[in-house]
Amino acid sequence: MQSTRHEIPEWAFEFHGHRCPAMPLGYLAGKYALKLLGIDKEKDTGTYIFSETGDEHHQGCFDDGVQIATGCTYGKGNYKRLEYGKMAIVVYKPGKGAVRIRPKPEILDACSKFEFFKYRKSGVPASQVPRDVADEVINYVLSKDFDELFYYEFLKDFTYNPSKKTMTRIVCDNCGEPTYENYIKIFNGKKLCPRCYEIERNKR
Ligand SMILES: [Zn+2]
Ligand SMILES: [Zn+2]
């Protein structure tokens, strides 16, 4: 087996569901961003990522890798997808700055030439590609230095103000289910959850 510069924890593959090269590429992009900004993996929500990916092949895999490495997650709400259809991320931590990272096109092209993608193009799901075939392209990615894999650029004036969050829940007057207050809508003097609001509105 080819020796690698980087390692990925096995739980990352378990979480992601299969072995593919885009998740490790995202993982390393995330690691590199943390290194460039001089910050640790985010435990809470004080770091924000804006991913320029969209819904196409490999984009979600890349996003999973970034989330695993950085601790910025869709679930915690500090990982936003911009739907640009590009493989790039902006990582921002107030007081530390913002950096945009993207894989070098020649790296993406080099990955595409591996046998892994012959299987994928013929319709074989990533989880069904033989392990050694998948590991060949994964190890190629892991064998490269950060600066061989990615371009980066610090974004000087980047700012972002997240909306204020609430801990208050209000009981919907129609369904009786607790709903966070920011989502409650008033209709005919009733406090409604978004679902009941839609139902009431469509009755007219
Ligand atoms: Zn994947
Ligand atoms: Zn309701």
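For the chain, the Cα gyration tensor yields ellipsoid semi-axes of 39, 22, 14 Å (square root of five times each eigenvalue, largest first, whole Å). Computed with a 1.4 Å probe on the full set of protein chains, the accessible area for Arg201 sits at about 110 Å². Net charge of the neighbourhood of Gln59, taken over other residues with C-beta under 11 Å away and scored Lys/Arg +1, Asp/Glu -1, is -4.
Computed on the Cα trace of region 63-170, the radius of gyration divided by the Kirkwood hydrodynamic radius gives Rg/Rh = 1.06. Taking the C-alpha atoms only, the angle from helix 59-70 to the longest principal axis of the chain is near 90 degrees.
Dipole check for the chain: with +1 at the C-beta of Lys and Arg, -1 at the C-beta of Asp and Glu, and the Cα centre as origin, the magnitude is about 920 Debye. Counting protein heavy atoms only, region 1-143 has 49 percent of its accessible area on carbon and sulfur, 1.4 angstrom probe. Three principal axis extents of region 1-117 based on alpha-carbon atoms, in descending order, are 43, 30, 24 Å.
Can you check what the net charge comes to around Thr168, using other residues whose Cβ is under 13 Å from the Cβ of Thr168 (Lys, Arg +1; Asp, Glu -1)? Net of charged neighbours comes to +3.
With viscosity 1.002 mPa s and temperature 20 °C, the Kirkwood radius over alpha carbon pairs of region 116-204 converts through Stokes-Einstein to a diffusion coefficient of 113 µm²/s.
Taking a straight Cα-Cα cut-off under 25 Å and skipping sequence neighbours fewer than 8 places away in the same chain, the lysines within cross-link reach of Lys203 are Lys185, Lys190, Lys191. Sequence-distant contacts, meaning Cα pairs under 8 Å at least 6 residues apart, place the relative contact order of region 10-154 at 29 percent.
Solvent-accessible surface of region 72-189, averaged per residue with a 1.4 angstrom probe and all protein chains in place: 64 square angstrom.
Placing dummy labels 7 Å off each Cα toward the beta-carbon, the span from Glu198 to Thr168 is 2.6 nm. Between 0 and 90 degrees, the angle of helix 22-37 with respect to the longest Cα principal axis of the chain falls at about 80 degrees.
The values are calculated or read from the model by the stated rules, or taken from the named source; none is laboratory data. As the structure is a computational prediction, the values presented were derived from the model and not from experiment. Backbone-built Cβ (ideal geometry, glycine too); neighbour counts: all protein chains shown. For the accessible areas, the whole protein counts, side chains as well, though only heavy atoms, and no ligand, DNA or RNA atoms are used. Shrake-Rupley method; radii C 1.70, N 1.55, O 1.52, S 1.80 Å.
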